[in-house]
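The values are calculated or read from the model by the stated rules, or taken from the named source; none is laboratory data. Nothing here was measured: the structure is a model prediction, and the numbers come from that model. Here Cβ is always computed from backbone atoms with ideal geometry, including for glycine, and neighbour counts include all displayed protein chains.
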C-alpha cells in the first residue's frame, strides 16, 4: 500500500478518533484528532500500514510503549487496527513538535542546539540498552523537537531485544544509518550499531547532509550492498572545522566502520556529552521532567489590563492632571508642525531663487 493510499484527511475516522489536521506528510504519518464521544479530548494519531507482514511491528510498538517509561517516549492513549483499510494506528497525548528531518530542510543546527537535542536521544538509548532493548530505527524522521527543545521519539515498532531480533532476521531501520556489521549480517545489530546510528544522526544535525546519500536510492538489495561497500571503506564521519574538537572526536569515534574501534555503549556517549555540558547548555534549558506540553493543557492566553493601567501615573501619585498632559501634547504637535512647514517653504524659496 502506498503512502497516498494509507494517508487520511480531515473528517476521516479511526476508531473513536476523528482527524482534524494533517501534521506530517512524510513517515511517520501523524494527525491531530479529537474523540467523537468525549468533549475536548484530543490526541496525535500515528498511522502506518497493517498486513500479515507488519502485524509484528504493531505488537512490538505496543509492547515498547507499555514497557518503557522515559521522557522522550510519547504517552499512548489508544491503539487499533483497521483491517479492511490495511491500517494500524496509535493515539498519543497531544504535543507540538517538528521532526528533525523537517528542521534540517532549513539548514543545519548550531552545535549547542544539536547537543541539547541529541543528549536527550542518547539518554533514551541508554534507557533502552539498560533494559536489553535496541531502538533499531534512529533517523531524523523519528526525532521530533518541541518549541522548548525537548524530544519526542517515534519508531518504537522497531524496538526489540537481541533474541527477538535474531529470530526475526528483520533488517530494520534505514540503510543510511545502519552500521556496516548490520548490513553484512542482519544478526549483527548490537549496542555498537546503535551508537553508529547515533553518530550519523549527530553528523546530519550539524551539517544538514545525509551521512551516506547514495544508500537511499535503488532497490533494497542494491542499497544494502552499495552501502556496505561504501561504509566499510569510508573514514569515520567528520562535520568539519566549524565544530568543536571534542564533538568532532565524538562523532568520529561513534562512526568508525570497525565496531572494535568504535564506542560501543550509549552510556559512554551520554557521559561524553554531559562532560562537555558547559559548552552547549542553555541558560533556560528545560527540565527533563517535562518533555512536552500537551496542547489540551495549555492555559488560554489572556491580556491583563491591570498590568498596563498600573504603569500609568495618576494624579494621586504626584503626576500632573491628565488634562494638562493632553494640552501639552497638543502644543508640542503644533510647534513641530510649524517648524516642519517653515523648513519646506525655505527649501522651495531656495530652489526657486
(request) Please enumerate the residues belonging to region 126-145 that are crowded, with 19+ Cβ neighbours inside 10 Å and in contact with a strand residue (DSSP E or B) (Cβ under 9 Å, 6 or more places away or on another chain). (result) 128, 133, 134, 135, 136, 138, 140, 142, 143, 144, 145
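Quick grid of which residues meet (1) assigned by TED's automatic domain parsing to the domain that holds residue 142; (2) free of Cβ contacts under 8 Å to residues at least 60 places away in the same chain; (3) surrounded by 15 or more Cβ atoms within 10 Å (Cβ to Cβ); (4) farther than 19 Å from residue 143 by Cα:
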{"residue": "15", "(1), (2), (3), (4)": "no, no, yes, yes"}
{"residue": "18", "(1), (2), (3), (4)": "no, yes, yes, yes"}
{"residue": "22", "(1), (2), (3), (4)": "no, yes, no, no"}
{"residue": "28", "(1), (2), (3), (4)": "no, no, yes, no"}
{"residue": "31", "(1), (2), (3), (4)": "no, yes, yes, no"}
{"residue": "44", "(1), (2), (3), (4)": "no, yes, yes, no"}
{"residue": "71", "(1), (2), (3), (4)": "no, no, yes, no"}
{"residue": "85", "(1), (2), (3), (4)": "no, no, yes, yes"}
{"residue": "88", "(1), (2), (3), (4)": "no, yes, yes, yes"}
(request) Filter region 98-112 for residues that are assigned to a strand (DSSP E or B) and surrounded by fewer than 23 Cβ atoms within 10 Å (Cβ to Cβ) and give the result. (result) 98
(request) For residues that are under 18 Å from residue 29 (Cβ atoms) and touching a strand residue (DSSP E or B) at 6+ places or on another chain (Cβ under 8 Å), tally how many sit in region 146-164. (result) 4
